[in-house]
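Here is the structure we will look at.
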2 protein chains.
Amino acid sequence: MCQLLGMNCATPTDITFSFRGFSQRAGITSDHSDGFGIAFFEDKACRLFVDNQSAVESPIADLVRNYPIKSRNVIAHIRKATQGKITLENSHPFIRELWGRHWIFAHNGDLHDFNPPLSGRFTPVGNTDSERAFCYLLDQLVEAFGYEEPSLEQIFEVLEKISPQIAEYGTFNYCLSNGKALFSYAITKLHWLVREYPFNHAHLIDLDVEVDFSQVTTPEDRVAVITTEPLTHNENWTAYQPGEMILFQHGQPIKKAITFVERLKREQENPELKRITRADQY
Amino acid sequence: MCQLLGMNCATPTDITFSFRGFSQRAGITSDHSDGFGIAFFEDKACRLFVDNQSAVESPIADLVRNYPIKSRNVIAHIRKATQGKITLENSHPFIRELWGRHWIFAHNGDLHDFNPPLSGRFTPVGNTDSERAFCYLLDQLVEAFGYEEPSLEQIFEVLEKISPQIAEYGTFNYCLSNGKALFSYAITKLHWLVREYPFNHAHLIDLDVEVDFSQVTTPEDRVAVITTEPLTHNENWTAYQPGEMILFQHGQPIKKAITFVERLKREQENPELKRITRADQY
């Protein structure tokens, strides 16, 4: 499977601390060593680094750990291949352009037999269920709004409708950003927190590293971090509820919804179903 | 202005030798120090590195010089800003997806008052004439072929028709690749050569570095290099004719055409015109 890391900030912030801990899971504290990727927005522009080496060994990951790129929206992904080849074209995050903005998407989970009709407007380059879901989401946004850019709230409403439909096909935890804000959705596992004034110490779980954020921040800073598994010992991480969607902007949640996923209800009523459909997923 | 570097190869090849010389022009042997970018295809996937630091100082360029990424199609660009802000979103090359493939485009030259109608299918993220031209080219390809991928020859025919129309607005030298092949077009300045068996020595112009390609190649290797200004002393670079389009695949030209650009004819007949329209371009 894989793990996700997202960051949404009020002011441009570097992710080196969180990425140092997160990338340890690519072979040291965990075995997510089949490629990694990270995307940084700088205003409307986006830098996307991907590699099919592990985030522990990749010289590109090394650059990211040591070159403090400041960004308001970051999405990173480390992969443990359970199915599908370890190729660059299957490495998350994926990138597309819509409404004169880059969009970045990374997914945690597996979708089974998910082959939705696509218009051709967005077509997967690789052969993952994840990129197919991304193209389908963007297609549905164009279907809803045409080529006029809608508000973040309007985008949220469409994602809130489409995401649980995709989640009928399996596990669908994702981070999605257009550089303005970060949309996140979880069916099984995702956590978030906000770091803000007055800032505290934080100690990584995956590496014996501590930082005193009060020494490296200003009162204007505020950072939301979204991650599959909590990154630090001594901070209050909140777990997403099943089907929860959260929109982050300026380093804080600005909109939340719990979507209704029929499959989750069926699994609650019959736990045996859950065992069967998720056996290959974790 | 800026400079272009393209590479198209029969077998995956690293560009470190050529990029070492080329990137010297970003502040040492020339003053193209306002950002750089380089895109590497690996099959259908693409790695795109951009930075608004110079290719001499950027840690990302340093990574590219030292990490031999093997690729069949590479496009690089170093910028000297004559107009437009030095922002990441205005850094070449630009990326879009069409027909389930990434497309990469870099432009040398200036287009004046070039504001073609765009469908919305591809929209510029930044505000350069270059990205607008790229979006227009892709729009015209969709206009011609819809969402069914045509052959390289069919794509060539559309580019051969559209490119001289865009060149009416100014200087339009470009490299464009979809990972299968590399399309190149020149109005004023572009050079190419093919390195193939039996390989020889090559000595960089911008740096006192020589390589004996016969020591680092096999007879199957073949590499076409496309560049604004020749990179080596002792190789035979061919200059593009005004309006020439060349399609490279498997490390060699497979199709060529000289397009007819009305503006060039007017300038030939009246050299004063050329002086006026190109004064700010070189």
Which condition number in (1) of a type in the set (A, V, I, L, M); (2) in contact with a His (Cβ under 7 Å, 6 or more places away or on another chain); (3) part of a loop (DSSP other than H, G, I, E, B) is the one that B:ALA10 fails? (3)
Just one listed residue, out of B:ALA224, B:ALA257, is over 22 Å from B:GLU168 (Cα atoms) and small (Gly, Ala, Ser), and it is B:ALA224
Just checking, how many residues over the stretch A:145-154 are among the aromatic types (Phe, Trp, Tyr) and either assigned to a loop (DSSP other than H, G, I, E, B) or touching a residue at least 60 places away in the same chain (Cβ under 8 Å) (or both)? 1
Failed condition for B:ASN236, given (1) within 19 Å of B:LYS189 (Cβ to Cβ); (2) assigned to a loop (DSSP other than H, G, I, E, B); (3) touching a helix residue (DSSP H, G or I) at 6+ places or on another chain (Cβ under 9 Å): (3)
Restricting the stretch B:56-73 to residues that are farther than 17 Å from A:VAL64 by Cα and touching a helix residue (DSSP H, G or I) at 6+ places or on another chain (Cβ under 7 Å), the one nearest to the other protein chains (Cβ to nearest Cβ) turns out to be B:PRO68
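Just one of A:CYS2, A:CYS9 is over 17 Å from A:THR228 (Cα atoms) and among the hydrophobic types (A, V, I, L, M, F, W, C); which is it?
A:CYS9
Counting only residues that are of a type in the set (Phe, Trp, Tyr), under 26 Å from A:GLU168 (Cβ atoms) and surrounded by fewer than 20 Cβ atoms within 10 Å (Cβ to Cβ), how many does the stretch A:64-122 have?
Final tally of qualifying residues: 1.
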Any idea which residue in the stretch A:145-171 is surrounded by the fewest Cβ atoms within 10 Å (Cβ to Cβ), counting only those that are away from every other protein chain (no Cβ under 14 Å) and of a type in the set (D, E, K, R)? A:GLU153
Residue tally, condition within 14 Å of chain B (Cβ to nearest Cβ) and either modelled with pLDDT of 95 or more or within 11 Å of A:ALA39 (Cα to Cα) (or both), over the stretch A:75-102: 11
Of the criteria (1) crowded, with 21+ Cβ neighbours inside 10 Å; (2) within 11 Å of another protein chain (Cβ to nearest Cβ); (3) within 22 Å of A:ASP43 (Cα to Cα), which one B:PHE40 fails: (3)
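In this structure, does A:VAL142 turn out to be touching a residue at least 12 places away in the same chain (Cβ under 8 Å), within 14 Å of chain B (Cβ to nearest Cβ), of a type in the set (A, V, I, L, M) and surrounded by fewer than 19 Cβ atoms within 10 Å (Cβ to Cβ)?
yes
Looking at A:THR29, is it of a type in the set (Ser, Thr, Tyr), surrounded by fewer than 24 Cβ atoms within 10 Å (Cβ to Cβ) and modelled with pLDDT of 90 or more?
Details: of a type in the set (Ser, Thr, Tyr): yes; surrounded by fewer than 24 Cβ atoms within 10 Å (Cβ to Cβ): yes; modelled with pLDDT of 90 or more: no.
For A:THR29, the condition - of a type in the set (Ser, Thr, Tyr), surrounded by fewer than 24 Cβ atoms within 10 Å (Cβ to Cβ) and modelled with pLDDT of 90 or more - is not met.
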How many residues, within the stretch B:103-128, are farther than 25 Å from B:ILE86 by Cβ and either assigned to a helix (DSSP H, G or I) or facing chain A (nearest Cβ under 10 Å) (or both)? 3
Considering residues that are in contact with a Leu (Cβ under 7 Å, 6 or more places away or on another chain) and of a type in the set (Asp, Glu), the number found within the stretch A:117-152 is 2
Exactly one condition in (1) at negative phi; (2) more than 9 Å from chain A (Cβ to nearest Cβ); (3) surrounded by fewer than 22 Cβ atoms within 10 Å (Cβ to Cβ) is not met by B:ASN52; state its number. (2)
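Just one of B:GLU157, B:GLU131, B:GLU97 is in contact (Cβ under 8 Å) with a residue 24 or more places away in the chain and either part of a helix (DSSP H, G or I) or not aliphatic (A, V, I, L, M) (or both); which is it?
B:GLU131
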Meets criteria (among the β-branched types (Val, Ile, Thr) and buried (at least 17 other Cβ atoms within 10 Å of the Cβ)) for B:ILE254: no
If I filter the stretch A:14-36 for residues that are within 11 Å of another protein chain (Cβ to nearest Cβ), assigned to a strand (DSSP E or B) and in contact (Cβ under 8 Å) with a residue 12 or more places away in the chain, do I get at least one hit? no
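The values are calculated or read from the model by the stated rules, or taken from the named source; none is laboratory data. What you see is a predicted model, and the numbers here were worked out from it, not measured in a lab. When we count neighbours, we look across all protein chains shown, and the Cβ atoms used for this are built from the backbone with ideal geometry, even at glycine.
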